[in-house]
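The values are calculated or read from the model by the stated rules, or taken from the named source; none is laboratory data. Quick caveat, the model's predicted, so the values are computed rather than measured. Backbone-built Cβ (ideal geometry, glycine too); neighbour counts: all protein chains shown. Ligands, DNA and RNA are excluded from the accessible area calculation, which covers all protein heavy atoms including side chains. Shrake-Rupley method; radii C 1.70, N 1.55, O 1.52, S 1.80 Å.
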Amino acid sequence: MEHIEPVVAWAQALPLPLKIVGLIVGVPFVAIVLNVLRQLLVPKDPTAPPVVFHYIPWFGSAAYYGVDPYKFMFECREKYGDVFTFILLGRRMTVALGPKGNNLSLGGKVSHVSAEDAYTPLTTPVFGKGVVYDCPNDMLMQQKKFIKHGLTTEALQSYTELMPPECHQYFAKELKLSKANPGPKTVDVLHMMAQLIVLTAGRTLQGKEIRESMSLHFAKLLEDLDKGFTPLNMMFPNLPLPSYRRRDRAQKQMSDFYMSIMAKRRTGEYDHENDMIQALQGSVYRNGTPLTDRDVAHMMIALLMAGQHTSSATSSWFLLHLAHDQELQQRLYQEQVDKFGNPDGTFRPMTFDDTKKLPLMDSCIRETLRLHAPIHSILRKVLQPIVVPQSLAAPSENVSYVIPKGHFIVAAPGVSQMDPKIWEEASRWNPLRWLVDGGVAKTADEQYTSGEKVDYGFGAVSKGTESPYQPFGAGRHRCVGEQFAYLQLTLVIGEVIRNFKLTAAQDEFPKTNYQTMIVLPLDPKINIEARV
Ligand code: HEM
């Protein structure tokens with residue numbers, strides 16, 4: 001104490017401005033020093049997964065992870081192994097890598113891990129209340145079953161007929177390229193694909209009324225919702241910022257819009273269509289409670305958001321690779337000619353069945369999703385301590401790591417999908433790796449897992465939680481839009497390839513933007529030219 005007293009007296013004697021400056025500079029400095037010393041000197045709990053070294057308390061590894069999550073995860077795996085914890089703006093995130101790591105969170109029990117608790121701050125203000133992550137897990141599983149009822153073979157066949165005309169209309173109105181005026185034209189491929197995906201999903205899944213209303217007003221509502229669906233919103237669900245207010249206004253208007261469509265369909269003012277609204281209206285939970293129109297409206301917003309960015313990102317990456325790989329582009333075009341070409345150089349339309357028999361197209365989609373999985377981090381909140389299997393990671397033979405309650409557990413299937421220990425030339429886009437003897441190879445899911453099927457409440461799906469290839473997730477939260485996404489990608493890309501030649505507009509392949517919720521290409525330009 002006798003040493004500290006003169007220091008305190010000296011500090012008290014300083015003029016006020018100096019005291020303020022001292023506080024502003026001194027407090028963070030002391031906090032950083034204490035944080036570093038604590039990590040270096042304080043003995044660690046042997047069951048706690050290693051913590052990624054960081055200087056700034058609370059902020060933790062936010063910048064390191066945020067700029068390039070894959071670089072962060074591969075580097076941390078080198079240093080700490082397959083299981084490690086990092087600090088992200090006050091949250092403790094425990095990453096579990098590799099197929100076994102994926103299994104720990106994606107295959108985790110509902111009593112141990114919760115997607116609802118992890119995602120609801122981000123999703124509920126955008127989707128609306130009462131559905132998806134704003135209701136018990138059992139209700140979400142039933143909602144997924146209702147969605148599957150809207151994706152029957154009959155519905156998908158009708159969607160197959162509706163999508164190509166939407167593409168042709170877009171090409172004529174927006175690209176304005178023809179045999180007489182072939183171009184080339186430089187386009188932002190992400191912008192182009194976002195439009196094609198929203199128009200085709202609008203006309204099919206979302207229904208005729210939504211497609212007809214895809215005016216500027218609808219586009220503005222979608223944009224405002226989008227701007228409320230960012231990593232910032234995930235971390236801080238309610239800030240007093242204009243973008244948050246616009247998000248809430250757009251959510252209400254969008255939801256009211258769907259409600260008015262349903263009301264008009266009931267009075268017979270609008271025709272019923274074979275679409276998702278039709279499938280969801282009238283669905284009843286097992287306990288006899290019906291889905292309300294408001295629930296349906298919120299589920300429709302959720303589906304719009306779930307499919308829009310994932311599919312526009314995937315199709316953009318796909319076209320970028322084709323623009324940079326002329327040989328593959330030609331092979332893909334030839335596949336269309338061989339299967340659907342007419343003698344006069346035109347193409348016949350595809351049927352739903354046809355879309356499932358295109359080995360090269362299928363391989364290109366798979367490979368694009370392997371290298372550019374739209375979702376880099378899948379999160380769950382830990383509800384009960386999770387013991388990490390020794391075979392995944394362990395501090396010693398007799399001690400296991402335990403992930404404590406309150407942590408977030410992070411699965412990053414993209415890490416296994418790009419792992420050079422699993423894939424030959426892992427970082428190269430090579431769709432041919434999926435082709436064998438003129439057909440498509442088994443998926444990694446089929447190759448690496450037992451094929452075990454599980455019904456989580458929305459129909460039997462392959463468990464797949466230990467697969468090194470999981471672009472659509474695995475386990476109870478596995479995507480229900482996979483079939484629709486494949487159909488949409490096959491048709492939309494098919495139409496682009498039938499009608500246009502693509503070339504690279506930049507020497508370098510575009511870099512990746514990780515600042516959005518979905519992994520997007522950064523400033524992705526291509527040249528597009530009508531086939532003559
Ligand atoms: C869930 C990926 C398209 C609807 C998921 C998950 C992934 C994913 C990784 C699991 C999330 C988690 O476990 O936390 C993709 C990709 C797509 C795509 C890569 C396109 C290329 C779609 C489409 C729809 C859709 C078109 C709707 C028609 C859903 C739904 C869930 C889901 C409802 C379930 C959420 C849950 O159970 O927690 N998707 N998705 N997705 N996706 Fe997709």
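For Glu529, the shell of other residues with beta-carbons less than 9 Å away shows a net charge of +3, using +1 for Lys and Arg and -1 for Asp and Glu.
Give the separation of the Cα centroids, the stretch 75-107 to the stretch 380-430, in Å. When both Cα centres are located, 5 Å separates them. Most tightly packed first, judged by the mean number of other beta-carbon atoms within 10 Å of their residues, the peptides 78-91, 178-191 read 78-91, 178-191. Between Val36 and Phe236, the FRET efficiency estimated from the beta carbon spacing at R0 = 25 angstrom works out to 0.40. Reported to the nearest whole Å, the Cα centre-to-centre distance from the stretch 465-515 to the stretch 141-187 is 15. Between the beta carbons of Glu269 and Val337, assuming R0 = 45 Å, the FRET efficiency works out to 0.50 to the nearest 0.05.
Pairs from the list Lys148/Lys453; Lys144/Lys463; Lys71/Lys356; Lys179/Lys356 with a Cα-Cα gap above 25 Å: Lys71/Lys356; Lys179/Lys356.
Counted by Cβ distance under 12 Å from Gln157, the other residues give a net charge of -3, where Lys and Arg count +1 and Asp and Glu count -1. Loop-located trypsin sites (Lys or Arg not before Pro) across the stretch 452-532 with a Cβ neighbour count of 15 or fewer within 10 Å are Lys511, Arg531, with loop assigned by DSSP. Overall dimensions of the stretch 1-43, expressed as equivalent-ellipsoid semi-axes from the Cα gyration tensor (√(5λ), whole Å, largest first), are 25, 16, 4. Computed in the context of the full set of protein chains, the accessible area of the chain at 1.4 Å probe radius has 59% of its extent on carbon or sulfur.
How much FRET efficiency would the formula 1/(1 + (r/R0)^6) give for Asp68 and Glu425, where r is the Cβ-Cβ distance and R0 is 22 Å, rounded to 0.05? That gives a FRET efficiency of 0.60.
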